Amino acid sequence: TIVSGKAIVQTARQQGYAVGAFNTNNLEWTQAILRVAQAKQAPTIIAASMGAIKYMGGFETVAHIVRDLDQSFGITVPIAIHLDHGDYTAAKAAIKAGFTSVMFDGSHLPLAENLEKTREIVALAHEQNISVEAEVGSIGGEEDGIIGTGEIAPIDDAVAMIQTEIDFIAAGIGNIHGRYPKDWQGLNLAHLKDLTTTLDSMTHSQVPFVLHGGSGVPDDQIRAAISMGVAKVNVNTEAQLAFHQALRDFILTDQDLIGKNYDPRKLLAPGVTAVETSLAERLAVFGASSH
Ligand code: G3H
Ligand code: ZN
């Protein structure tokens, strides 16, 4: 069932777990995420980056694929269709196309401009019960051409951002997109605690916090972050690595040279299964199953 992102992320925060926000790349990926969500009874966010949306054929196409599969698979758990790291134009296009949640990522803009544009997107989105995520500080590393400095989010920036009435907030706390370097220092959990304590003291309802760069963060750090207010964890790279490894193993060991494995539906199947296994493991760590 397609719902607004706000509904599921706020519930997760109140109940002390995190919703998985899993990036999709294509039809198979979308199917895999929906199957895992339903099998684990986990409210889930299907996230699409601007790059993935372009690849899949546009905003409407992505929204239609998710909505149609949700129906035809008979998905009963809540599912949100979310724009991941969108710019101003993309956020507007996603709202128009039927996404139920958008991230406006103005983290590379001067703070005043980030706040102003976020406010505009909030006004447009909330009219249609679409939730909005924004970012302060910066997530390190690179995702789909989006490169971040990894700046730890100043508390004051987060305080100003919350006043735009966004529904959940992403902030740099030492997290990085893609693979973590060997000498990575870990999440700055002390800073996360300061951020969420400050934000919670300002509002009636608790503000759900979003952890980007979920791939490769050790389970204990994820659990600690959830206990401090993280209610949405974004995962992309991990599923891609699982897909790549399984597909590679399959091709390199496939002896059925005159058989039928050149059929893409057979060829991709081991990769898709690996994506499902990898996402299901994450949902268990997030405490998101059986809700
Ligand atoms: O916005 C998407 C996520 O932050 C994905 O990060 O690829 O490191 O899991 P990841
Ligand atoms: Zn991200």
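The values are calculated or read from the model by the stated rules, or taken from the named source; none is laboratory data. Please read these numbers as outputs of a predicted model, since none were measured by experiment. A quick note on method: Cβ atoms are made from the backbone with ideal geometry, for glycine too, and the neighbour counts reach across all protein chains shown.
Looking at (1) touching a helix residue (DSSP H, G or I) at 6+ places or on another chain (Cβ under 7 Å); (2) more than 24 Å from Val102 (Cβ to Cβ), find the lone condition where His191 falls short.
Answer for His191: the failing condition is (1).
Is it the case, given these coordinates, that Lys232 is among the charged types (D, E, K, R), touching a helix residue (DSSP H, G or I) at 6+ places or on another chain (Cβ under 8 Å) and modelled with pLDDT under 95?
no
Among the residues of the range 79-99, count how many are within 23 Å of Gln10 (Cβ to Cβ) and over 13 Å from the mean Cα position of the chain (by Cα).
Qualifying residue count, the range 79-99: 5.
Taking the range 113-163 only, how many residues are at positive phi and of a type in the set (Val, Ile, Thr)? Don't jump to the end; show me each part of the working.
Of all residues in the range 113-163, those at positive phi come to 129, 137, 141, 144-145, 150.
Restricting the remaining residues to those that are of a type in the set (Val, Ile, Thr) gives none.
So the count comes out to 0.
Which residue out of Ala190, Ala246 is more than 26 Å from Ile146 (Cβ to Cβ) and buried (at least 17 other Cβ atoms within 10 Å of the Cβ)?
Ala246
Give the residues of the range 100-117 that are buried (at least 17 other Cβ atoms within 10 Å of the Cβ), more than 16 Å from ligand 2 (Cβ to nearest atom) and not aliphatic (A, V, I, L, M), sorted by residue number.
Thr100, Lys117
Provide a single number: the residues in the range 119-164 that are of a type in the set (Asp, Glu) and modelled with pLDDT of 95 or more.
6
When the residues of the range 218-238 are narrowed to those that are under 10 Å from Arg282 (Cβ atoms) and crowded, with 16+ Cβ neighbours inside 10 Å, which ends up farthest from ligand 1 (Cβ to nearest atom)?
Once the filter is applied, the top-ranked residue is Ile222.
Just to check your reading of the model, which residue among Val66, Val136 is more than 13 Å from ligand 2 (Cβ to nearest atom), in contact (Cβ under 8 Å) with a residue 60 or more places away in the chain and crowded, with 24+ Cβ neighbours inside 10 Å?
From the options Val66, Val136, the qualifying one is Val66.
Picking from Gly16, Gly20, Gly51, Gly57, which residue would you name as being surrounded by fewer than 17 Cβ atoms within 10 Å (Cβ to Cβ) and within 13 Å of ligand 1 (Cβ to nearest atom)? Before the answer, list the steps.
On the way: Gly16 fails: within 13 Å of ligand 1 (Cβ to nearest atom); Gly20 fails: surrounded by fewer than 17 Cβ atoms within 10 Å (Cβ to Cβ); Gly57 fails: within 13 Å of ligand 1 (Cβ to nearest atom).
Matching residue, one of Gly16, Gly20, Gly51, Gly57: Gly51.
From Gln41, Gln31, which residue is farther than 29 Å from Ala123 by Cβ, touching a residue at least 60 places away in the same chain (Cβ under 8 Å) and touching a Leu at 6+ places or on another chain (Cβ under 7 Å)?
Gln31
Could you pull out every one of the strands (runs of 3 or more DSSP E) wholly within the range 1-120 that has 1 or more residues that are farther than 22 Å from Thr277 by Cβ?
44-49, 79-86, 101-104
Find all pairs meeting these conditions: Cβ atoms under 7 angstrom apart; at least six residues apart or on different chains; first residue within the range 166-189 and on the phi < 0 side of the Ramachandran plot and touching a residue at least 60 places away in the same chain (Cβ under 8 Å); second residue within 16 Å of ligand 2 (Cβ to nearest atom) and of a type in the set (Lys, Arg).
Phe168/Lys232
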